[in-house]
1. Among A54, I67, I36, flag the residue with its Cα farthest along the positive direction of the charge dipole of segment 27-72, charges on Cβ as +1 for Lys/Arg and -1 for Asp/Glu.
2. Report the label-to-label distance for E74 and M1 in nanometres (one decimal), using points 7 Å from each Cα along the Cα→Cβ vector.
3. Assuming R0 = 41 Å, can you tell me the calculated FRET efficiency for the pair Y66 and Y27, based on Cβ-Cβ distance, to the nearest 0.05?
Amino acid sequence: MKWFYRFLLLLIIGMAVYVTASHGGVYDLWKIKKNIARTDAKNQVLLQEKNDSAAEINLLQSDNLYIEKIAREELGMVKKDDVVVYLKKNDRSAPQFSPVAPQEK
């Protein structure tokens with residue numbers, strides 16, 4: 001009778017190893033859940049970027065002041081009567097400029 005219990009114990013241990021280590025087992029399930037969590041996090045980042053882009057598109061389509069702000073800050077554009085002041089750094093890098101509104105006389 002002892003041999004039967006030993007055989008049964010070995011059979012249970014073998015089945016447990018097979019279930020955890022085999023293809024489609026517990027380890028694969030854990031990897032899949034981890035991959036799903038990573039993909040969900042990436043999706044959240046992409047969704048936030050999409051929403052930010054949609055908001056900026058809306059501003060660009062409807063807000064002239066926003067377009068002017070972007071043109072001034074990112075493209076360095078100035079208005080017709082603006083005074084441009086060039087500032088040089090000590091390290092002789094490219095000059096920095098900052099648009100200045102004309103002063104009232």
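Derivation of every value follows stated rules applied to the coordinates shown; laboratory data play no part. These numbers come from a predicted model, not from an experiment. All Cβ positions, even for glycine, are placed from backbone atoms using ideal geometry, and neighbour counts span all protein chains on display.
1. I36
2. In this crude label model, E74 to M1 measures out at 8.3 nm.
3. The formula returns an efficiency of 0.20 here.
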